[in-house]
Amino acid sequence: MVLLGCSQPITCQSVTRRELLQIGGSSVLGLTLADLLTLKANQGGAAQPGTARAVIFLWLWGGPAQLDTWDPKPNAPMEFRGPFSSIQTRITGTRIGELFPQIAEWTDRLAIIRSLHTSSNDHGVAGTIGLTGSLQGSVNLGGAAASGNVRPCVGSIVARAKGFRSEMPPFMVVGGRLHQGKRAIAGEGGGTLGALYDPFRLVYDPERGTQIPALELPANLSPERLQNRQQLLQALDRARRSIDTGSQRTIDDYRAQALALLTSPDATRMFDLSRERPELADRYGRTRFGQSCLLARRLVEHGVPFVQVNWSDHVEAEEDAGDGGWDNHYRNFQIMQDRQAPWLDQTLPALLTDLEQRGLLRTTLVVAIGEFGRTPRINDKAGRDHWEHCYSALLAGGGVRGGQVIGESDAHAERPRLRPVRPADLAASIMHAVGITSEQTATLGINVGGHVIQELF
């Protein structure tokens, strides 16, 4: 992968035809970003600006337990409530899990939704529904969502409606592509809108800094062999002409612009977290998730309308180490106490505070959510299993009215008791927050079929 924040000479000597094909097949050099730039130049009108100019979507892949986070049940029997107690928040009469004291101090500016429910307890299907707001295309085929007719994810919808207003892609994901086992999740891209609206992906690695997977080079083609960008473009052009003589399609100025953008000093500086003050990076937490959220703030600051941060690219929490998702079938309470809760309780308030201090929180909607919840009754492995019938989410900024709880679950957080909310409703609310009108959704064919959660605004 290409590493940003470090200077490396590259050359184009001895580049084989096969190697050129591999580079040309990259989603940036071959298609995506260059085509984004082309569309930006040719595009006419875009969405009218709403209260929120940007969204940071924190995808807590694996499904956090509602009882141990934002919807504790202190009066429930031990086999439901678990070993953690609850703490008072800044919302009168509202308590959250005791592992989140810093988030509790932010609740007067947060909205908590406690009555979300979805239609599947399969990670792949529920993940697709959670990201797209739609069941369409989410057929369970051994845990994977069927491709072809999958709806676009909310980030792609925002990208389509908002248009290409800056040099940066309108939808970026920080984190590896989501997968369940060895199967990629279908709902993370442009879906029926096409690959043009797939996210442009960055990955933060604690050891190597920010990487661009789309510019990953073949193992036998090192960056040192690609020094002259113009020679590379010319070689790619010749290779493409020799292979596809029918279309005679060449790499145009926008493809050159794409490569220049991604390898320019400005892009290097934007993606390079070492340029941030060490004390600020410390406040976010020196974890992959913490630094990914810091990178998300930098992207929003540079005009990216939708940034999704993946807690992990896989769902299963590793037994002894790692930052796997929130899929705590075993040792739920130990994993949460040792790793997940401290990381989230440090990073989310740091992100919100940073946005607020920079004058960005009012125009940036922050959402923290997983694909479903966990079983209210604790299993025999001190864990909680998949539970689609009730789960929770946090929202802040971007016009959201803080200091409120929307919806209510029953005595054991098994099912919504008041104001049930679907993923489609949350998707419609995000679209509303960024100023996407019902007329636009109808014209562009991007209606998710949900209703705006009016209380949020």
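The values are calculated or read from the model by the stated rules, or taken from the named source; none is laboratory data. Owing to the predicted nature of the structure, the values given are computational and were not obtained by experimental measurement. With ideal geometry, Cβ positions are generated from the backbone for all residues, glycine too; neighbour counts draw on all protein chains shown.
Structure above, values below:
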| item | result |
| --- | --- |
| Residues of region 134-183 that turn out to be at pLDDT 80 or above, assigned to a loop (DSSP other than H, G, I, E, B) and over 14 Å from the mean Cα position of the chain (by Cα), as a count | 5 |
| Selection count where residues are among the acidic types (Asp, Glu) and surrounded by fewer than 20 Cβ atoms within 10 Å (Cβ to Cβ), scope region 159-192 | 1 |
| Residues within region 368-384 that are out of contact with any Gly (no Cβ under 9 Å at 6 or more places or on another chain) and buried (at least 24 other Cβ atoms within 10 Å of the Cβ), tallied | 2 |
| Selection count where residues are of a type in the set (A, V, I, L, M) and part of a helix (DSSP H, G or I), scope region 442-452 | 2 |
| All positions within region 71-123 that are touching a Phe, Trp or Tyr at 6+ places or on another chain (Cβ under 8 Å) and either without any contact (Cβ under 8 Å) to a residue 12 or more places away in the chain or of a type in the set (A, V, I, L, M) (or both) | 87, 96, 99, 112, 116 |
| The listed residue being modelled with pLDDT of 95 or more, touching a Lys or Arg at 6+ places or on another chain (Cβ under 6 Å) and on the phi < 0 side of the Ramachandran plot, out of 410, 380, 385 | 410 |
| Count of residues meeting criterion [assigned to a helix (DSSP H, G or I) and polar (S, T, N, Q)] in region 395-436 | 1 |
| Complete set of residues in region 42-75 that are aliphatic (A, V, I, L, M) and either at pLDDT below 95 or farther than 20 Å from residue 388 by Cα (or both) | 46, 47, 52, 54, 55, 56 |
| Test for residue 389: is it outside any helix (DSSP H, G or I) and touching a residue at least 24 places away in the same chain (Cβ under 8 Å) | yes |
| Residue 359 vs. criteria at positive phi, in contact (Cβ under 8 Å) with a residue 40 or more places away in the chain and surrounded by fewer than 24 Cβ atoms within 10 Å (Cβ to Cβ) | no |
| Candidates 455, 439, filtered to the one that is over 21 Å from the mean Cα position of the chain (by Cα), in a helix (DSSP H, G or I) and closer than 26 Å to residue 193 by Cα | 439 |
| Test: residue in region 431-441 that is at positive phi and either at pLDDT 95 or above or of a type outside the set (A, V, I, L, M, F, W, C) (or both) | yes |
| Residues of region 194-232 satisfying the condition of being among the hydrophobic types (A, V, I, L, M, F, W, C), at pLDDT below 75 and either in a helix (DSSP H, G or I) or within 21 Å of residue 162 (Cβ to Cβ) (or both) | 214, 215, 232 |
| Sole residue being of a type outside the set (Lys, Arg), within 28 Å of residue 362 (Cβ to Cβ) and touching a Ser or Thr at 6+ places or on another chain (Cβ under 6 Å), chosen from 403, 399, 435, 450 | 399 |
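Yes or no, residue by residue, for (1) under 26 Å from residue 120 (Cα atoms); (2) in contact (Cβ under 8 Å) with a residue 12 or more places away in the chain; (3) surrounded by 17 or more Cβ atoms within 10 Å (Cβ to Cβ):
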site: 398; (1), (2), (3): no, yes, yes
site: 406; (1), (2), (3): yes, yes, yes
site: 409; (1), (2), (3): yes, yes, yes
site: 416; (1), (2), (3): yes, yes, yes
site: 422; (1), (2), (3): yes, yes, yes
site: 428; (1), (2), (3): yes, yes, yes
site: 440; (1), (2), (3): no, yes, yes
site: 444; (1), (2), (3): no, yes, no
site: 451; (1), (2), (3): yes, yes, no
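Condition check ((1) in contact with a helix residue (DSSP H, G or I) (Cβ under 7 Å, 6 or more places away or on another chain); (2) in a loop (DSSP other than H, G, I, E, B); (3) among the hydrophobic types (A, V, I, L, M, F, W, C)) across all residues:
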position	(1), (2), (3)
282	no, no, no
293	yes, no, yes
297	yes, no, no
303	no, yes, no
350	yes, no, yes
368	yes, no, yes
371	yes, yes, no
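For (1) modelled with pLDDT under 50; (2) of a type in the set (Phe, Trp, Tyr); (3) within 30 Å of residue 304 (Cα to Cα); (4) in contact with a His (Cβ under 6 Å, 6 or more places away or on another chain), each residue gets a yes or a no:
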{"residue": "6", "(1), (2), (3), (4)": "yes, no, yes, no"}
{"residue": "10", "(1), (2), (3), (4)": "yes, no, yes, no"}
{"residue": "18", "(1), (2), (3), (4)": "yes, no, no, no"}
{"residue": "23", "(1), (2), (3), (4)": "yes, no, yes, no"}
{"residue": "27", "(1), (2), (3), (4)": "yes, no, yes, no"}
{"residue": "40", "(1), (2), (3), (4)": "no, no, yes, no"}
{"residue": "89", "(1), (2), (3), (4)": "no, no, no, no"}
{"residue": "96", "(1), (2), (3), (4)": "no, no, no, no"}
